[in-house]
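Notes follow once the structure below has been shown.
The values are calculated or read from the model by the stated rules, or taken from the named source; none is laboratory data. Small disclaimer: the values here were computed from a predicted structure and weren't measured. Cβ: placed from backbone, ideal geometry, glycine included. Neighbour counts: every protein chain shown. Keep in mind that these areas ignore ligands, DNA and RNA; they rest on the heavy atoms of the full protein, side chains included. Shrake-Rupley method; radii C 1.70, N 1.55, O 1.52, S 1.80 Å.
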Amino acid sequence: GQTVKYKLSSAGEMAVAMQGYDRVANTQTEFRTNCQFSNTDTDEINLAMRFDHAASSVSVGDNVIVQESASALRGKTLNVSLGPDGQVLSFSGMGGEDYFEAGIGQMAMMVHGLFPVLPTEPLTIGYTWTDDMDIPNITSSTSRDFIGETTYTVVGFKEKYGIPCVEVATVTDFEFEGKVEQQGEAWLMTGSGVSNGTMLFSMDDGFIIYS
């Protein structure tokens with residue numbers, strides 16, 4: 001019954017090379033979600049993530065394309081199952097959405113970032129742990145494979161919004177490959193990336209307060 005609200009904002013740059021077509025595409029994405037937990041037993045945690053706001057655009061040069069498929073997510077719900085340590089086990093409920101099928105899996109990675117695997121040991125400054133990237137597909141009509149690892153390092157303790165937090169620096173290295181089918185055509189994709197960031201976890205319940 002507990003509810004947690006998140007605002008997810010993402011700005012990215014992607015180089016596209018396809019049959020002599022070389023361009024740089026910049027993306028701007030924002031989601032506001034309402035996550036309600038329905039099960040918190042020792043084996044599995046279930047939550048419903050409702051999209052109260054969803055918007056995304058892609059710019060190539062002077063051309064800006066608004067992704068209507070992202071806007072179509074508003075008011076819809078993605079069901080997420082987590083392991084007791086926070087690992088994402090599965091998604092369900094939104095497999096037919098164009099926004100999920102068209103991309104390389106950005107949304108799955110954003111959700112993965114909301115629920116990192118946390119250690120069971122007490123944390124001290126300098127403590128480091130790693131999490132192998134194993135992200136299930138949101139939609140069954142795609143085939144993608146993410147291979148990578150996130151390294152978490154405790155860098156301090158601070159308050160955010162009056163909440164005592166653990167401050168953690170993150171570095172993610174990943175590679176992906178997969179296939180997307182649209183309008184009867186199949187697209188093969190490969191790529192790699194690096195993500196650096198900072199997270200603040202609540203010391204009381206482990207929720208992400210800021211990332």
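When you check Phe207 against the structure, is it hydrophobic (A, V, I, L, M, F, W, C), at pLDDT below 85 and open to solvent by less than 80 Å² (accessible area, probe 1.4 Å), yes or no? Answer is yes for this residue. Among the residues of segment 163-178, are any open to solvent by 60 Å² or more (accessible area, probe 1.4 Å), touching a strand residue (DSSP E or B) at 6+ places or on another chain (Cβ under 7 Å) and at pLDDT below 75? Yes: segment 163-178 contains one or more residues that are open to solvent by 60 Å² or more (accessible area, probe 1.4 Å), touching a strand residue (DSSP E or B) at 6+ places or on another chain (Cβ under 7 Å) and at pLDDT below 75.
Of everything in segment 13-41 that is closer than 30 Å to Pro84 by Cα and at pLDDT below 85, the residue that is surrounded by the most Cβ atoms within 10 Å (Cβ to Cβ) is Thr40. Contact annotation: residue pairs with Cβ atoms under 9 Å, 6 or more positions apart or on different chains, pairing a residue in segment 90-119 that is at negative phi and at pLDDT 70 or above with a partner that is among the hydrophobic types (A, V, I, L, M, F, W, C) and open to solvent by 30 Å² or more (accessible area, probe 1.4 Å), are Glu97/Ala72; Asp98/Ala72; Tyr99/Ala72; Phe115/Ile45. The condition of being within 19 Å of Gly86 (Cα to Cα) and modelled with pLDDT of 70 or more does not hold for Thr124. Among the residues making up segment 72-89, those that are open to solvent by 50 Å² or more (accessible area, probe 1.4 Å) and in a strand (DSSP E or B) are Thr77, Asn79, Leu89. Within segment 42-79, the set of residues being at pLDDT 85 or above, farther than 23 Å from Gly206 by Cβ and among the acidic types (Asp, Glu) comprises Asp52, Glu68.
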